[in-house]
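Q: First the structure, then my questions, so here it is.
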Amino acid sequence: PQPGEMIAEATAAVALLAVFVLPLFFLRRFPLTIVLIYWILFTLIPPQVLSFVYPVSDRYLYLPSVAFTIFISWGIITAAKRIGRIGA
C-alpha cells in the first residue's frame, strides 16, 4: 500500500471508532437517544457484511429502520413539547 492509502485507512478507522465510542460520553444525559443510535449502528452491521456475500440483503434493513422511526418520532414529540412550553 502507498502512504496516502495508509493515511486514508487510518483516518477511516479512527472515524469509525469515534462513531462507536463518542455516544458513550453522552449516555447519562441522553439514554434513549444513545440506545437508539447503537440500535441503528449495530443492526446495520449485518447488511454491510452480507452485501458482499448475498447481494439481496434488503430485508435486514427493516430492524434499523424501526429504530430510526422511533428516533425521529421521539424528536418530533420532544420538539413539540418545547415549542408548546415556549409559546405558553
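No value in this document is a laboratory result; all are computed from the given coordinates. Given the structure is predicted, the values throughout are model-derived calculations rather than measurements. Positions of Cβ are generated from backbone atoms using ideal geometry, with glycine treated the same way; all protein chains shown enter the neighbour counts.
Q: Using only Cα atoms, tell me the angle between helix 62-87 and the longest principal axis of the chain; keep it within 0 to 90° and round to the nearest 10.
A: 30 degrees
Q: Using label points projected 7 Å from each Cα along Cα→Cβ, tell me how many nm separate residue 82 and residue 30, to one decimal.
A: If labels sit at residue 82 and residue 30, their model points lie 1.0 nm apart.
Q: Using the crude model of +1 on Lys and Arg Cβ and -1 on Asp and Glu Cβ, and no other charge, please compute the dipole size for the chain relative to its Cα centre, in debye to 20.
A: The dipole of the chain has a size of about 680 debye.
Q: Work out from phi, with θ = phi - 60° and the Karplus expression 6.51 cos²θ - 1.76 cosθ + 1.60, the ³J(HN,Hα) of each residue of the stretch 36-49, listed in order in whole Hz, and give x for Gly and Pro.
A: Listing the rounded values in order: 5, 5, 5, 4, 5, 5, 6, 7, 7, 5, x, x, 5, 6 Hz.
Q: Could you grab the relative contact order for the stretch 28-80? Cα pairs under 8 Å, six or more apart, rounded to a whole percent. Please report the intermediate quantities before stating the final value.
A: Details: 28 pairs, mean separation 21.7, N = 53.
RCO, the stretch 28-80: 41 percent.
Q: Please state the Cα pair-distance histogram of the chain with 10 angstrom bins from zero: what percent is in each bin?
A: 14, 29, 32, 17, 6, 2, 0
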